[in-house]
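Novice: One structure, pasted below without further comment.
The values are calculated or read from the model by the stated rules, or taken from the named source; none is laboratory data. Please read all numbers here as calculations on a predicted model, not as lab measurements. Glycine gets a Cβ as well: all are built from the backbone with ideal geometry, and neighbour counts include every protein chain shown.
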Amino acid sequence: MCRVSFTIGKSYICEVLCDVLDMDICHIILGRPWQYDVGAIHDGRANTFTFDWKSRKIRLWPNLSQPDSKTSLEKTAMLIVSGPNLIDSWKESSDMLALMVADSHPDSQLADLPTDVQELLQSYKDIWPEELPAALPPMRSLQHHIDLQPGATLPNLPHYRMTPREHEELQRMIEDLLSKGLIQPSLSPCAIPALLVLKKDGTWRMCIDSRAINKITVKYRFPVPRLDDMLDKLTGATIFSKLDLRSGYHQIRIRPGDEWKTAFKTREGLYEWRVMPFGLCNAPATFMRLMNEVLKPILGKCCVVYFDDILVFSPSLQAHLEHLSSVFAILKAHKLYLNFPKCEFATGSVHFLGFVISSDGVLTDPQKVRAIAEWPTPKSIPEIRSFVGLANFYRRFIRGFSIIIAPLTECLKDKSLHWTNEQQNSFDTIKGALTSAPVLAIPDFDKPFLVDTDASSVGIGAVLSQEGRPVEFFSEKLSPSRQNWSAYEQEFYAVVRALKQWEHYLLHQDFVLCSDNQALQFINSQKTVNKMHARWTTFLQRFSFVLKHKSGVQNRVADALSRRSALVVQLQTELQGLSSIQELYATDKDFAAPWAELSNSSTVSFHDYSISHNYLFKAGLVCIPESSWREYLIQELHSGGLAAHAGRTKTLEQMQSRFFWPHLRRDVTRFVEKCPICQVYKGSAQNTGLYMPLPVPNSIWEDLSMDFVLGLPRTKRGADSIMVVVDRFSKMAHFLACRKTFDALNVAILFFKEIVRLHGLPRSITSDRDVKFVSHFWRELWKRLRTEIKLSSAYHPQTDGQTEVVNRSLSSMLRCIAHEHPKQWDDYLGQAEFAYNSMANRSTGQCPFSIVYTKLPNHVVDIAILPKCKSKSALQTTENYTKMLEDVKAKLSAANDSYKLAADAHRRKVVFNPGDLVMVRMRRERFQPGTYSKFSPRKIGPVPIIRRINDNAYVVDLPPEFHTPATFNVSDLFAYKSSDAGVIHTISSDEEILEPGET
């Protein structure tokens, strides 16, 4: 819905609330609500409407004939007039909207060119036809290849529903393409839908929704020339021409045999492309390869190529004629055709890849920095805060930034606006610095680009950056109709406009796209799209990017820019350094006193505070003043790239080992409790239930636990399970992707490849009775290697409590970090393993990394943020490590005792002797398939005890018809109650120990 103002004649002005629809008949329909409000009377015979307005009668007549060209503008919605008539119309109306249309016919463009250039272009007139020849392009040595991922499921999607008019237009386009031979009927096993989108000029464009086929296509990369190298080649040039191919993609053939992979579906049938269509993921790389191959003899000598941009440069007009002639001859020989209206010939300056190329050299395009240069003078404290937030992001590129920005920050402290010449000079200086060459980076195509977009209710904008430096700014104010779009559509539009603006930079390579709208993460997975979204989605198919969500709080620059009414820009926040906090200590309420005391005197320490490398420390921890850094650091250690959404306690431990500020615990608690990912994907905590723990190991990676996490979705690598291996001493774990179908041999190979390679052979392995672990091969292997195998009793795997705890932690972490791509969970196993091993374990009080490797692992905040500290001496490291191992062993013993006390508080001990009669509980899983029912016995017996394995497991004389192992956990055994029944006791562990040599 939107409000629309309109006039009737010169006197009647009104505003109505309208729905927005695609209409060809008129601009606005005045419905019954308006007719009722004005009391309009309809004359059915004359087909007129009459109503009274300010003592005047206004009558609306039907438009039965075309208006005269000299009719004043107030009597018609749109006029197409000649130059003289335009002047007459202007005189009759003080307000007018004129659309100036220039004749783009080649002959009119030739008139402004030098005579020699005109003659050259006329001699090669056959390479710039108004339409491509109605025939297939030649079969060149290079065609477009489409290689599908092995084993991928072919898409077969239904066609989109259309109106009769749209269907008629689509069918007309299909017939045209068939007549030209660009497509052909298909019998392909895959199909993607075709649809129509409306262009700005009112005509239709046929689009193919290639997302499904792109998803299973092997991506290829083509080396892209360095921008600075291309610009260096232009040295000394004074005259330039820029060439553009007409429908360049349609001038390239599909590799024979690959046509069926381009099949698209309409209501009338199935068709496939014989030329390269728009929307395929590898199409830009193919086009770049063709241009480089065709123009190779002269590439770099008189022309440079960047995808479909061909720039011809010369030191003089005479040389330029020779160079153009060479280029035209090559294009003619290869039957490549130019789009003449989009070409520029023999000009003194030209826009190329975001720069203005002229005889004066390479200059920055003013459009790059217009978004900053046009920033209006702040009128309020929030506007000042927004601008300061933007400037702070680039402070490291501006010399003397703190001094320059000081007058503006003073306004923020006073919380009142006192705008004087001092503040204006500061504002202008910062704007000038932000738009100068030292700040703007020259694109480097060997490094990834970062595109950040944002939208507010008034505008959109974006910033293209590399390594934290801006390459180019972009902004656009939203029209009134676009301001009424949903937030999703505004954010989507911002993405499309940004990519269109920087298409010449981004088309060839992967990049990161950041937005603060989470819904955009599903752009490529929408099942149905409307016409506008379809047009945008088709455009996005040309790019290869990773979409990343980033909130406005995380990205202060984008948030600041999005509040402006003239522009909106969002930036990618690269991990910078903590140097910006050094200037905050002096004014921070928590740290101003110790900072002043230590800075202004020779005092080395003050209440556990000290200064090192110009940072304030408290007891060896970096002090963080009140700023957005606090929340950012918590986020990085809770849910950053090397974290896995650890809980409150473990996130707090990570923070407290590195940083300090008052109320750190409170801030961490609030952040973790409000984390939306944790709230959705984490389950409630569960007790581990270790009743009789296994003996404490003596050293690292000698006594291991093994288990499998099953039931995971199959990944593209075929993995559907995780083998979990845990060191029982250090609690370090390795998570290995595998398949459920792995037999004992495959498991052993994986174990030796990933575990033995790093830690050597273990002394013992504890596991459940998985078929892999009870196989003859598995037992015989470890018997020969003198490794002790410990198995839980059948259908009671709680012995291996350690891996059960790790499995729950791993499942929780994967749900949090892989929820966006659950079928790619194996890509996140490394992140989950690092996160788990870098968090302190409750039993040992240490993180597994520090126990095994004598030190904490370096996190991204340690390398990129924290100041460097001196290393400890080798002797001190050895002493600390020895002490830590002793402490770990003591804590493990204490933890075992506490677990046992907790368990024994609610249980009784039971001991059976050989020959005792017992009733055996038959769990459902022990029955043969198809034999269990609700009426099946829950217990069988009495049967005698044959052998006692330990306090927790016994072997009974089970009747052979049950076909199940005879080893039972004590919790499944009940003393047979006869006249001399014994006393019942309780047990808490259930391991069966196989000595070396026993099978």
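Novice: Every residue in the stretch 664-692 that is more than 21 Å from GLU626 (Cβ to Cβ) and either modelled with pLDDT of 85 or more or surrounded by 13 or more Cβ atoms within 10 Å (Cβ to Cβ) (or both), please. Reasoning before the result, please.
Specialist: Looking only at the stretch 664-692, we keep the residues that are more than 21 Å from GLU626 (Cβ to Cβ), and these are 675-692.
Residues satisfying the conditions are CYS675, ILE677, CYS678, TYR681, LYS682, THR688, GLY689, LEU690, TYR691, MET692.
Novice: For a quick check of your reading of the model, give me the residue pairs whose first member lies in the stretch 703-718 and is under 14 Å from PHE742 (Cα atoms), whose second is hydroxyl-bearing (Ser, Thr, Tyr), with beta-carbon atoms closer than 6 Å and at least 6 apart or on different chains.
Specialist: ASP707/THR803; PHE708/SER721; LEU710/SER721
Novice: Going by what's in this entry, would LYS335 be described as within 27 Å of TYR220 (Cβ to Cβ) and among the basic types (Lys, Arg)? Break it down into steps so the answer makes sense when it comes.
Specialist: Values: within 27 Å of TYR220 (Cβ to Cβ): yes; among the basic types (Lys, Arg): yes.
Judged against the criteria, LYS335 is a match.
Novice: Mind listing whichever residues of the stretch 129-150 are under 35 Å from the mean Cα position of the chain (by Cα) and either in contact (Cβ under 8 Å) with a residue 40 or more places away in the chain or outside the structural domain of TYR220 (by TED's automatic domain parsing) (or both)? Full working, then the answer.
Specialist: As a first pass, look at the stretch 129-150 and keep what is under 35 Å from the mean Cα position of the chain (by Cα): 142-150.
Passing the criteria: LEU142, GLN143, HIS144, HIS145, ILE146, ASP147, LEU148, GLN149.
Novice: Quick one: PRO822 ticks every box in (1) surrounded by fewer than 17 Cβ atoms within 10 Å (Cβ to Cβ); (2) within 37 Å of the chain's Cα centre (by Cα); (3) at pLDDT 85 or above except a single one, so which number is it?
Specialist: For PRO822, the failing item is (3).
Novice: Of all strands (runs of 3 or more DSSP E) completely enclosed by the stretch 244-354, which ones contain at least 3 residues that are under 34 Å from the mean Cα position of the chain (by Cα) and closer than 20 Å to THR538 by Cβ?
Specialist: Working: elements: 270-273, 303-306, 309-314, 344-347, 349-352.
Ranges flagged: 270-273.
Novice: While we're here: If a residue must be not in a loop (DSSP other than H, G, I, E, B) and not hydroxyl-bearing (Ser, Thr, Tyr), how many such residues does the stretch 29-45 contain? Give the derivation first.
Specialist: First, the residues of the stretch 29-45 that are not in a loop (DSSP other than H, G, I, E, B): 32-38, 41-43.
Retained after the next criterion (residues that are not hydroxyl-bearing (Ser, Thr, Tyr)): 32-35, 37-38, 41-43.
Total satisfying the criteria: 9.
Novice: Might you let me know whether the stretch 630-651 holds any residue that is part of a loop (DSSP other than H, G, I, E, B), closer than 21 Å to ASP608 by Cα, of a type outside the set (Gly, Ala, Ser) and not assigned by TED's automatic domain parsing to the domain that holds TYR836?
Specialist: Of the residues in the stretch 630-651, the ones part of a loop (DSSP other than H, G, I, E, B) are 640-647.
Adding the requirement that they be closer than 21 Å to ASP608 by Cα leaves none.
Scanning the stretch 630-651, I find no residue that is part of a loop (DSSP other than H, G, I, E, B), closer than 21 Å to ASP608 by Cα, of a type outside the set (Gly, Ala, Ser) and not assigned by TED's automatic domain parsing to the domain that holds TYR836, so the answer is no.
Novice: Right, here's the next one. Mind checking which residues of the stretch 927-952 are modelled with pLDDT under 85 and within 12 Å of PHE912 (Cβ to Cβ)?
Specialist: Scanning the stretch 927-952 gives ILE949, ASN950, ASP951, ASN952.
Novice: Of the residues that sit in the stretch 452-496 and are among the small types (Gly, Ala, Ser) and farther than 28 Å from PHE355 by Cβ, which one is modelled with the lowest pLDDT? Please lay out each step first, then the result.
Specialist: Our first condition is that a residue be among the small types (Gly, Ala, Ser); within the stretch 452-496, this holds for 455-457, 459, 461-462, 465, 468, 475, 479, 481, 486-487, 494.
Keeping just the survivors that are farther than 28 Å from PHE355 by Cβ gives 456-457, 479, 481, 486-487.
On the way: SER456: 78, SER457: 75, SER479: 78, SER481: 79, SER486: 81, ALA487: 80.
The extreme case among them is SER457.
Novice: Within the stretch 608-629, work out how many residues are over 13 Å from GLN656 (Cα atoms), assigned to a loop (DSSP other than H, G, I, E, B) and β-branched (Val, Ile, Thr). Steps first, answer last, please.
Specialist: Within the stretch 608-629, the subset over 13 Å from GLN656 (Cα atoms) is 608-616, 625-629.
Checking which are assigned to a loop (DSSP other than H, G, I, E, B) leaves us with 608, 613-614, 625-627.
Still in the running and β-branched (Val, Ile, Thr): none.
Matching residues across the stretch 608-629 total 0.
Novice: Okay, next question. Taking the residues in the stretch 359-381 that are in a helix (DSSP H, G or I) and surrounded by 12 or more Cβ atoms within 10 Å (Cβ to Cβ) as candidates, determine which candidate is modelled with the lowest pLDDT. Before you say what the answer is, go through the steps one by one.
Specialist: So the first thing to find is which residues in the stretch 359-381 are in a helix (DSSP H, G or I), and the list is 366-373, 381.
Subset that is surrounded by 12 or more Cβ atoms within 10 Å (Cβ to Cβ): 367-373, 381.
Details: GLN367: 65, LYS368: 58, VAL369: 62, ARG370: 67, ALA371: 65, ILE372: 71, ALA373: 74, ILE381: 83.
It comes out as LYS368.
Novice: Further question on the same structure: Would you point out which residue out of ASP720, ASP707 is within 28 Å of ILE789 (Cβ to Cβ), of a type in the set (D, E, K, R) and modelled with pLDDT under 90?
Specialist: On the way: ASP720 fails: modelled with pLDDT under 90.
Of ASP720, ASP707, the one residue that is within 28 Å of ILE789 (Cβ to Cβ), of a type in the set (D, E, K, R) and modelled with pLDDT under 90 is ASP707.
Novice: Could you grab me the full set of residues in the stretch 407-421 that are assigned to a helix (DSSP H, G or I) and more than 19 Å from PRO376 (Cα to Cα)?
Specialist: Taking the stretch 407-421 as the starting set, the residues that turn out to be assigned to a helix (DSSP H, G or I) are 407-414, 421.
Scanning the stretch 407-421 gives GLU410, LYS413, ASP414.
Novice: So which residues in the stretch 732-753 are part of a helix (DSSP H, G or I) and crowded, with 16+ Cβ neighbours inside 10 Å?
Specialist: Of the stretch 732-753, the ones part of a helix (DSSP H, G or I) are 744-753.
Once the filter is applied, which keeps residues that are part of a helix (DSSP H, G or I) and crowded, with 16+ Cβ neighbours inside 10 Å, the stretch 732-753 yields ALA744, VAL747, ALA748, LEU750, PHE751.
Novice: Working carefully through the options VAL553, VAL546, find the one that is modelled with pLDDT under 75, outside any helix (DSSP H, G or I) and in the same structural domain as GLY461 (by TED's automatic domain parsing).
Specialist: On the way: VAL546 fails: modelled with pLDDT under 75.
One residue alone meets the criteria, VAL553.
Novice: In the stretch 630-663, what residues are without any contact (Cβ under 8 Å) to a residue 60 or more places away in the chain, surrounded by fewer than 18 Cβ atoms within 10 Å (Cβ to Cβ) and not hydroxyl-bearing (Ser, Thr, Tyr)?
Specialist: GLY647, ARG648, GLN656, HIS663
For (1) of a type in the set (Phe, Trp, Tyr); (2) within 29 Å of LYS180 (Cβ to Cβ); (3) modelled with pLDDT of 85 or more; (4) not assigned by TED's automatic domain parsing to the domain that holds ASP229, each residue gets a yes or a no:
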| position | (1), (2), (3), (4) |
| --- | --- |
| GLY279 | no, yes, no, no |
| MET291 | no, yes, yes, no |
| LEU299 | no, no, yes, no |
| ASP309 | no, yes, no, no |
| SER314 | no, no, yes, no |
| GLU322 | no, no, yes, no |
| LEU336 | no, yes, yes, no |
| CYS343 | no, yes, yes, no |
| HIS351 | no, no, no, no |
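Novice: If I ask for residues that are under 13 Å from THR262 (Cβ atoms) and part of a helix (DSSP H, G or I), which ones from the stretch 164-188 would you list?
Specialist: LEU177, the sole residue that qualifies.
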